[in-house]
Amino acid sequence: MIQCWRLDDARQTLVLGVRDKQLAEAIYWGPRLPDSENLETLYAIHGIDVAGGMLDQHPELSICPAATRTFQGQPGMALRDTAGKPLLPKLAFESVEAKTDALSLTYTDKYIGLTYRAHFAIDPDTHLISMSAELESEHPINLQWLAAPVLPAPQLSDEMIDFAGRWCSEFQMNRTPWSAGMRTRDNRTGRTGHEHFPGLIVPCRGTTNTQGAAYGFHYGWSGGHKMVAEELPDGRRQIQFGNASDTELTPLTHFKTAPLFATYSGTGLNGCATAFQRHLRDRVVTWPHPDRPRPVHYNCWEAIYFDHKIPELQEIATRAASLGAERFVLDDGWFGKRDDDTTSLGDWFIDTRKYPDGLTPLIDHIHGLGMTFGIWFEPEMINPDSDTYRAHPNWALGDEDQILGRHQKVLNMALPAVRDYLFDRIAKVLTDYDIDYVKWDHNRVLPTPDADQTRGTYALLDRLRTAFPQVEVESCASGGGRIDFGIMEHTQRVWLSDSNDALERLKIQHNAALFLPQCVTGSHVGPRVCHTSGRILDIRFRAWVAAQRHMGFEMDPRELTDDEADVLRRVTGWWKDNRDWMRRADILRLDAADPAVLAEQHLHQDQFVVFAGKADTSTQIAPRPLRLTELDANATYRVDLANRDELTRKALSRGQSPLKTNAIKVSGQYLMHHGITLPWSFPETMWVIEGHKI
Ligand code: GLA
């Protein structure tokens, strides 16, 4: 007997089929099929031929490929009993629950006493398919590996794109050609990590940012993921995602993967990007005040580091407010005896040497300026040099003689006593003071990866959210070390990178836009001399790069010249005027003809802004036209330069382009096919182009 089910939205169809009691297979995933399609016919014809040297029938490339079906690739699960003997389940179809937008399939192995469930749900508005797998066992078992439901990868694809990175250089795109065998990413850091953003895009041949077909995947888990992209000997390809292997350290009777989010796009990488951006913004993140405009941040880290002096902080706050800041975030250094990074993590008591009357004098000053107040914690960490560690050395994970990271150890978040202590300490600060924001840091990897740690952190965040629903949380881990849809269920912003170098930031945020919308992505104007690269960049470029995302400042505002302060005030004013629609916009990466230009178009209904960043020196002498995307071909757009005032600084631009003096009116078709010809510009500058449909 054959059974088939389909999940559809306007852009895609996923068809699952099963014969008799076997595990289901995804037999079609791509552009939406006609309603009249006969799924049983698809099932009958989806198989590939059998030739010499092969088994007599191909083992199913199922949602959980089974070793017991002579499957020659990576199986969907790896289990052992408590004596260490491998368990090889033979799962048989038990039941199905099918709704219009969701499907759950249940399988059992009665001999081992195992139930496997696969869940699928499609979101018709965001176009993401969410999938997870669950295991229930009658006896405690050891889990080495459990994949979220497995999907096939396209054949007409020559490469895959996954993500690497490092401190101050997150979201580097890795392109790897498909070849026989597996590409595996198994993240052993115990956190999402700069190095291992859990995403994958499989573009079909010829796909660019704006056109072609692509399949996007993201695994929503903060404890480190494993990805397998495998080409089998028969040419079929599979994609598996799950928690990093061997991160369940004790035998259990119930396991569940985090959600795997996937989408098919027929509109290039941007189709994947918009699905992820919208889903994260509209489904994953919950906002304490959904209608409150995103406030401009001021974060004092790169201004003062550990050197907290109330009068200086007050002066900095006054200047930040005059530039347009609306939220002041007090960073590391306010607690314990934290004069440098060797001490006091865990001692979440206000340092009365620095704040003899508590935080009130500072907070009152900040509130008096009309700003709200946020504060930094690194709850999951402890310095051996802290009163808390001296009292509870057994609260830390790992061996006594382990290698430290930034002089610190990791607290065991699975221990209720640890979570209670942290809850009490954080709650005390949030209760004693009027605080609307917590920057939540995580500055080292785990001594060994452990899924309990992530569950413990989520539980603490949940408890704090319930007790303080008005407080927003930022996920920071030395910059972008913990960015994923799992942590974003509990937080509202990410600190994308510790690099405030606008040139680096331009690249990092451009790639991160494949997954992250504007409203959650923090971006700050840093000091004139960048502290992590030594680069000196003009304030205009620094300001516009920050204005591409959730804007903030992090320099000491006392270093700004009058001209710099004016520019910053002006760009911040522009950002405030535009932030509400930009928050809802799609970020579309443009296919710039000039590789020196990194350009993106933020589009919401009839309005757009293009940020064309000059990341390098161009090879050719004159700028090439920049093509826009996703406009209404037959409509006319009014297109204007938002930063025309910067033309005077582009000394070598001598031509008579109309855009240099006026707005232009052209069709969407022209903008998408020919593109805008921009004035010549220096490297490390940005053109900002606004467009409205008229
Ligand atoms: C990490 C963060 C920074 C800052 C410091 C404070 O490096 O990424 O933004 O908060 O910690 O120690």
- Mean ellipticity per residue at 222 nm, deg cm²/dmol - from DSSP H runs of n ≥ 4 across the chain, formula -39500 (n - 2.57): -6000 deg cm²/dmol
- Task: Hand me the trypsin sites (Lys or Arg not before Pro) from segment 398-434 located in a DSSP loop with no more than 14 other Cβ atoms within 10 Å, in residue order please.
- Result: Arg406
- Query: Do the alpha carbons of any pairs in Lys21/Lys226; Lys226/Lys409; Lys226/Lys576; Lys226/Lys428; Lys409/Lys614; Lys21/Lys99 sit beyond 32 Å of each other, and which pairs?
  - Reply: Lys226/Lys576; Lys226/Lys428; Lys409/Lys614
- Average the reciprocal distances over every distinct pair of alpha-carbons in segment 133-260, invert the result, and give the Kirkwood radius in Å. 15.6
- Which whole-Hz couplings ³J(HN,Hα) result when phi for each residue of segment 112-121 is put into the Karplus expression 6.51 cos²θ - 1.76 cosθ + 1.60, θ = phi - 60°, listed in order with x for Gly and Pro? 7, x, 10, 10, 10, 10, 10, 10, 10, 8
- Query: Can you give the FRET efficiency for Glu559 and Asp591, using 1/(1 + (r/R0)^6), R0 = 35 Å, r = Cβ-Cβ distance, to the nearest 0.05?
  - Reply: 0.40
- The set of residues whose placed amide H lies less than 5 Å from the amide H of Val473, leaving out same-chain residues fewer than 5 positions away, is Val438, Gln492, Arg493
- Task: Skip the ligands, DNA and RNA, and give the accessible area per residue of the chain with a 1.4 Å probe, whole Å².
- Result: 37
- Query: Residues of segment 557-595 with amide nitrogen under 20 Å from the 7 Å Cα-to-Cβ point of Asp632?
  - Reply: 581-582, 584-588
- Task: Give me the distance between the Cα centres of segment 130-197 and segment 22-73, rounded to whole Å.
- Result: 22
- Task: Work out how much length Glu40 to Arg644 would gain on full extension: take 0.36 nm times their residue separation and subtract the Cα-Cα distance, in nm to one decimal.
- Result: 211.4 nm
- Item | Theoretical gain in end-to-end length, His139 to Trp287 [0.36 nm per residue, Cα-Cα removed] | 49.2 nm
- Restricted to segment 485-626, the DSSP antiparallel beta bridge percent, nearest 5, is 70
- Could you tell me what percent of the accessible area of segment 47-136 is made up of carbon and sulfur, with a 1.4 Å probe and every protein chain present? 51
- Query: Counting only the heavy atoms of the protein chains, how much of Leu269 is accessible to a 1.4 Å probe, in Å² to the nearest 10?
  - Reply: 10
- Item | Loop-located chymotrypsin sites (Phe, Trp or Tyr not before Pro) in segment 43-115 whose Cβ has at most 14 other Cβ within 10 Å (DSSP) | Tyr111
- Ordered by number, the chymotrypsin sites (Phe, Trp or Tyr not before Pro) in segment 334-387 that occupy a DSSP loop and have at most 16 other Cβ atoms within 10 Å are Phe349
- Note on the structure: Carbon/sulfur accessible area of segment 537-694, % of total, 1.4 Å probe, equals 49
- Query: In segment 428-515, carbon and sulfur make up what percent of the accessible area (probe 1.4 Å)?
  - Reply: 50
- Listed peptides 527-540, 50-63 by packing density, highest first (mean Cβ within 10 Å): 527-540, 50-63
- Any idea what diffusion coefficient segment 30-187 gets from Stokes-Einstein, in µm²/s, Kirkwood Rh on alpha carbon pairs, 25 °C, 0.890 mPa s? 131
- Task: Can you tell me the relative contact order of the chain? Whole percent, Cα pairs under 8 Å, sequence separation 6 or more.
- Result: 10
- Item | Amide proton proximity set for Ile27, modelled H, under 5 Å, gap of 5+ | Val15, Leu16, Gly17
- Tell me, in nm to one decimal, what length is gained between Asp56 and Arg80 on full extension, where the rule is 0.36 nm per residue of separation less the Cα-Cα distance? 5.7 nm
- Per the Debye formula with a single identical scatterer at each Cα and no solvent contribution, what log10 I(q)/I(0) holds for the chain at q = 0.10, 0.11 Å⁻¹? -1.00, -1.17
- Query: Between segment 210-280 and segment 346-380, what's the alpha-carbon centroid distance in Å?
  - Reply: 40
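The values are calculated or read from the model by the stated rules, or taken from the named source; none is laboratory data. None of the values given here were measured: they were computed from a predicted structure. Glycine gets a Cβ as well: all are built from the backbone with ideal geometry, and neighbour counts include every protein chain shown. All accessible areas refer to the heavy atoms of the entire protein, side chains included, with ligands and DNA or RNA removed. Shrake-Rupley method; radii C 1.70, N 1.55, O 1.52, S 1.80 Å.
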